[in-house]
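Worksheet: the structure to be examined is printed underneath.
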Amino acid sequence: MVNYAELCLRGAGLLLFFRCRCPNFGLPAMSRQIIYDLLWALFKPNALVYTTYAGTGRPRCVKYNFGEQGQTKSSSKHWKIECRYFDFDGTDFGEASTEVKIHKFRGVRQIDNLPAFPLQYHANASEVEIDLLECGKKFIHLIGTHHCHCNRQAFIIHKGKEVGFPVDSRIIVDAAFFRKMNPSYARPKRARSTGLEPADVTEDDLLICSPTVPGFSFSKKLWAEFLEQKEVIMALTEARTNSENGFEFDDVIAGKGRGLIALLHGLPGVGKTFTAEAVAEHLRRPLYSISASEFSAKAGLLEGQLSDIFRIASHWNTILLLDEADVYLERHSSYDLIRNGLVTVFLHKLEYLDGIMFLTTNRVSEFDEAILSRIHLMLKYNELSKNTRKQI
């Protein structure tokens, strides 16, 4: 049975329908509320739609394409709206599609309490537009490959669900390499080029740019989606240090002997890790720090882990830091076959490293000759006096 309020709202819905076709048509205050059956009249083609991003809960805007009735496998009904926004998939800048579902509800509901609604119904529409314009500008600025500091929430899509985690560290934004390393990930979606160049976007276009950028967190060792960053430390180019002057050194076997490996050993707290950090800052390169405890104790899995790490390091020209590398540096034991297998894998992969790597240890008394043969620079750190620590 339809009550009086719902009858009024149906009438308001008809007014809303006419307003969509006739922009100058008056809209009564009652239209701030709506019933489910009139959602079809709420959205106007190409209108800005306000919603939130599933992974972060942050505001975003998209443009409305069309809407239709949907139904889940459990027969639960919803109104599905198909929308578009601007994204960069690593190759093309263009339009991508997304959908928002408004599950069926009874009675009336405030329009601005819906999961998605026209931006004009937001109580602070002007402030929202200002914030989204800034986000859009940052998104355009981060197209390509960039080294940034992130101090915000990030998330990944795991088994169809968004899993968030805080990040306060250096990251690399790189949509192309993200897709290469995560080919089955849901984002960034393949963008449909419209012929519009990023430099030519209008303010209206900036409002519907993607609110996140895909990249890699060096502290979490995770590929994820990050909110646009304010601080860009540097833009990475395709040039590599070894090839800047048109010269590359290689071993007799292709791909071997292209790395520079330094071993830093000494007591804890004498500056071994700080040395690697200082070199990375001096060379203006990202630092990718790993602890040996993060590696698998199975030789097969270790090989895969090292392959991924070296591939990332080579692609972005990062400085690698392997802390507490004791297990790979100590002299072989004929009785410890498992450790010997791990060291063999490690030494083999080390030969194909293309970049700079620091190994640190504070416990090794006798180094294995096999690892020493692959070390280019070996530095011992003695205990620091109080005066020396004060000077540092």
_I'd like to know if the stretch 352-361 contains one or more residues that are surrounded by fewer than 10 Cβ atoms within 10 Å (Cβ to Cβ) and either more than 22 Å from G271 (Cβ to Cβ) or modelled with pLDDT under 85 (or both)._
no
*Name every residue in the stretch 260-298 that is closer than 15 Å to D326 by Cα, among the hydrophobic types (A, V, I, L, M, F, W, C), in contact (Cβ under 8 Å) with a residue 60 or more places away in the chain and assigned to a loop (DSSP other than H, G, I, E, B), in order of residue number.*
L267
*Which ones in the stretch 145-186 are touching a Leu at 6+ places or on another chain (Cβ under 6 Å) and among the β-branched types (V, I, T)?*
T145, V173
*Identify, please: which residue in the stretch 54-88 is more than 16 Å from I208 (Cβ to Cβ) and charged (D, E, K, R) and is, among those, surrounded by the most Cβ atoms within 10 Å (Cβ to Cβ)?*
K80
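Identify all residues within the stretch 169-206 that are in a helix (DSSP H, G or I) and within 16 Å of the chain's Cα centre (by Cα); write none if there are none. Show your work before the answer.
Restricting attention to the stretch 169-206, the residues satisfying the condition of being in a helix (DSSP H, G or I) are 175-181, 198-200, 203-206.
Selection gives A175, A176, F177, F178, R179, K180, M181.
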*asked:* If the requirement is being without any contact (Cβ under 8 Å) to a residue 40 or more places away in the chain and either out of contact with any helix residue (DSSP H, G or I) (no Cβ under 8 Å at 6 or more places or on another chain) or not β-branched (V, I, T) (or both), which of these qualifies: K221, K159, K189, K137?
replied: K159
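Hey, among the residues in the stretch 130-168 that are among the charged types (D, E, K, R) and in contact with a Ser or Thr (Cβ under 9 Å, 6 or more places away or on another chain), which one's modelled with the highest pLDDT? Give the steps one after another, and end with the answer.
To start, the set of residues in the stretch 130-168 that are among the charged types (D, E, K, R) comprises 131, 134, 137-138, 152, 159, 161-162, 168.
Remaining after also requiring in contact with a Ser or Thr (Cβ under 9 Å, 6 or more places away or on another chain): 152, 162, 168.
Numbers: R152: 83, E162: 85, D168: 88.
Filtering the stretch 130-168 for residues that are among the charged types (D, E, K, R) and in contact with a Ser or Thr (Cβ under 9 Å, 6 or more places away or on another chain), the one modelled with the highest pLDDT comes out as D168.
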*Qualifying residues in the stretch 133-167 (those that are of a type in the set (K, R) and farther than 29 Å from E203 by Cβ) - the one surrounded by the fewest Cβ atoms within 10 Å (Cβ to Cβ)*: K159
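So, of the residues in the stretch 33-51 that are hydroxyl-bearing (S, T, Y) and not in a helix (DSSP H, G or I), which turns out to be nearest to N124 (Cα to Cα)? Before you say what the answer is, go through the steps one by one.
Of all residues in the stretch 33-51, those hydroxyl-bearing (S, T, Y) come to 36, 50-51.
Then drop every residue that is not not in a helix (DSSP H, G or I), which leaves 50-51.
Values: Y50: 11, T51: 13 Å.
If we take residues in the stretch 33-51 being hydroxyl-bearing (S, T, Y) and not in a helix (DSSP H, G or I), then Y50 is nearest to N124 (Cα to Cα).
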*Say whether the condition of being among the acidic types (D, E) and at pLDDT 95 or above is met by at least one residue in the stretch 97-109.*
no
*Within the stretch 58-93, can you find the residues that are part of a strand (DSSP E or B) and either among the hydroxyl-bearing types (S, T, Y) or at positive phi (or both)?*
Y64, Y85
_In the stretch 299-324, the residues that are modelled with pLDDT under 90 and surrounded by 14 or more Cβ atoms within 10 Å (Cβ to Cβ)_ = A299, E324
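So that you can scan it fast, the table gives a plain yes or no per residue for (1) assigned by TED's automatic domain parsing to the domain that holds L38; (2) aromatic (F, W, Y); (3) within 15 Å of the chain's Cα centre (by Cα); (4) closer than 26 Å to W79 by Cα:
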{"site": "R106", "(1), (2), (3), (4)": "yes, no, no, yes"}
{"site": "R109", "(1), (2), (3), (4)": "yes, no, no, yes"}
{"site": "I130", "(1), (2), (3), (4)": "no, no, no, no"}
{"site": "F139", "(1), (2), (3), (4)": "no, yes, yes, no"}
{"site": "L142", "(1), (2), (3), (4)": "no, no, yes, no"}
{"site": "H146", "(1), (2), (3), (4)": "no, no, yes, no"}
*How many residues does the stretch 270-298 contain that are crowded, with 17+ Cβ neighbours inside 10 Å and within 23 Å of W223 (Cα to Cα)?*
9
*From the list C135, C148, which one is in contact with a Phe, Trp or Tyr (Cβ under 9 Å, 6 or more places away or on another chain) and not small (G, A, S)?*
C148
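The values are calculated or read from the model by the stated rules, or taken from the named source; none is laboratory data. Because the structure is predicted, anything quoted here is derived from the model rather than measured. Cβ sites come from the backbone with ideal geometry, for glycine too, and all protein chains shown count toward neighbours.
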